[in-house]
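The values are calculated or read from the model by the stated rules, or taken from the named source; none is laboratory data. All values reported here derive from a predicted model rather than from experimental measurement. Neighbour counts run over all protein chains shown; Cβ positions are idealised from the backbone, glycine included. Please note that ligands, DNA and RNA were not included when accessible areas were found on the heavy atoms of the full protein model with its side chains. Shrake-Rupley method; radii C 1.70, N 1.55, O 1.52, S 1.80 Å.
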Amino acid sequence: MHPAFSVIFFTTASGAGYGLLAWLGIFVALGMLPADRWFGLVGLGLALALITVGLLSSTFHLGHPERAWRAFSQWRSSWLSREGVAAVATYLPAGLFGIGWVFFEQANGLLGLLSAVGAAVTVYCTGMIYASLKPVRQWHNKSVVPVYLGFAAMTGVVWLTALAGLFGFGNPLFAWLSLAALAITAAIKLGYWRSIDNDRGGSTAATATGLPGPVRLLDPPHTEENYLMREMGYRVARKHAEKLRRIALAVGFAAPAVLLLLSLLLEGRAAGGIALVAALAATGGALVERWLFFAEAKHAVTLYYGAQSA
Amino acid sequence: MTSLPESPGAKRLGLVIDLDICVGCHACAVNCKEWNTGGYPAPLTDENPYGSGTSGVWLNRIHAYESGEGANSRTVHFPKSCLHCETPACVTVCPTGASYKRAEDGIVLVDEDLCIGCKLCSWACPYGAREYDHDAGVMKKCTLCIDRIYNENLEEVDRVPACVATCPVSARHFGDLGDPDSDVSRMVADRGGYDLMPEQGYQPTNKYLPPRPRRTEAGDTGAAAALTPVAEAGGFLGWVDRMLSR
């Protein structure tokens, strides 16, 4: 699948934003974060900015962005519509949570928890958009939704560790939770990669045409690339995919883990500063992972254009 | 509404494509483009039509494959357009209600005034039936020539999809596949018509008729298997025959 930058940026940024929003809500509800105005402004501000920039960037690839509001109408059948509804609905508790925290220095735990639920539901819907697409074997996989939830939770909690540390509200628990999230998400992602490498999928050039095999493309229907080949026919060389997987693991998981362990040895803002580098690395790794998620996905329509299996 | 019809009608209009007959002339694709660039999904935009990097929206494409090996291998011309599936995920993924499946005849359509051009429907189709029009910013697809098949301004014989009307060898047939007694349903039953990618679970309405078994022996064609002499030749021709047979 063609890795459209706007969609990759959207899912990574809004994933980190929803993750950060959810953890802020949860730790306020647990009474582990103070209702400090400036911390609230920067923390919730960053979360909502990432979410909003992500949502706006996702409209850039639309043919008719001015009609985007229509996408809220088909929540009965469409995961994309459900995602839109959940994203907008989450602004309500998150906005009230932020107003109370920043303007009145009263962070409401219930609004925090509602924001966290909204964030989780929205990311779940994002994952289901991909997981529900049967023609893409690498997406129609039971690990896809856990991967999306895992990356959102992981990048969110590392950002929380960094911000709390920088504002002097650091807590070793945040760093340990980040390490746990990194380990769990890495395990889910490795399981996903193993799964798509081993599962060959049911569709082949023979099932696509119904002809006795082997089926070889003799003449394509057109001499130049068409929309289907540009949008669905993107391929990344296997050796590059393996290298990029290692880069995603090193930058997105190993580096933040080492930096967070280092931050546990330090105190106060120095720890926060190191955690900030960890947060940037984790988000960078998530971008590489998301790019690969598209580039490694092979659509069934490629079977009509010479691919033997999809 | 992008939910599928709750009580779909018995009528399921679609195509039956005979892979034994298709000669790969692309006339159906050309007439499809010709009719539809002025019809319901008009225009079917072409980009750089006279330069390099030509690209355009076509609702019907003709692939050609080599199938099988050795003496049983053959070239198969393979037309492909929207299959108007019974469970079309292209419809249910649509966030705006632009894509819909008609209850009355099963045709899958796009309301271009509602389409936001998110392209998700084209991702949801394993068959590549939908093509995005970059110029119009909306998705285009086969309408089964809805503006021909119900068009009372046309002679009744012309009320078939443009691809069917133009096929010079009658490799494409149009009809009601929901009616087991229709000509197309009988053809499917007689010839072992099949679904493309049944494992995807989309239950396509359009059916493909497989190429007939290859006829390699002279007798398979209905001609005499070998030439046998009618009678023993005598006289001069008999003498020539005997001399040449030495």
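Applying the criterion of at least 3 residues that are within 13 Å of chain B (Cβ to nearest Cβ) to the helices (runs of 4 or more DSSP H) found wholly in the range A:195-288 leaves A:205-209, A:227-232. Residues of the range A:251-272 that are over 16 Å from A:W176 (Cα atoms) and either open to solvent by less than 30 Å² (accessible area, probe 1.4 Å) or at pLDDT below 95 (or both): A:G252, A:R269, A:A270. Looking only at residues in the range B:179-226 that are hydroxyl-bearing (S, T, Y) and within 11 Å of another protein chain (Cβ to nearest Cβ), the one that is surrounded by the fewest Cβ atoms within 10 Å (Cβ to Cβ) is B:Y194. Scanning the range A:289-310 for residues that are away from chain B (no Cβ under 14 Å), over 20 Å from A:A183 (Cα atoms) and of a type in the set (D, E, K, R) yields a single hit, A:E296. Can you tell me which residue within the range B:94-117, out of those that are open to solvent by 10 Å² or more (accessible area, probe 1.4 Å) and away from chain A (no Cβ under 14 Å), is nearest to A:E66 (Cα to Cα)? The selected residue is B:R102. Say we look at the range B:65-89 and pick out the residues that are of a type outside the set (D, E) and surrounded by fewer than 16 Cβ atoms within 10 Å (Cβ to Cβ); which of these is nearest to the chain's Cα centre (by Cα)? For the range B:65-89, the residue satisfying everything is B:T75. Here A:N141 qualifies as under 16 Å from the mean Cα position of the chain (by Cα) and either surrounded by fewer than 23 Cβ atoms within 10 Å (Cβ to Cβ) or modelled with pLDDT of 95 or more (or both).
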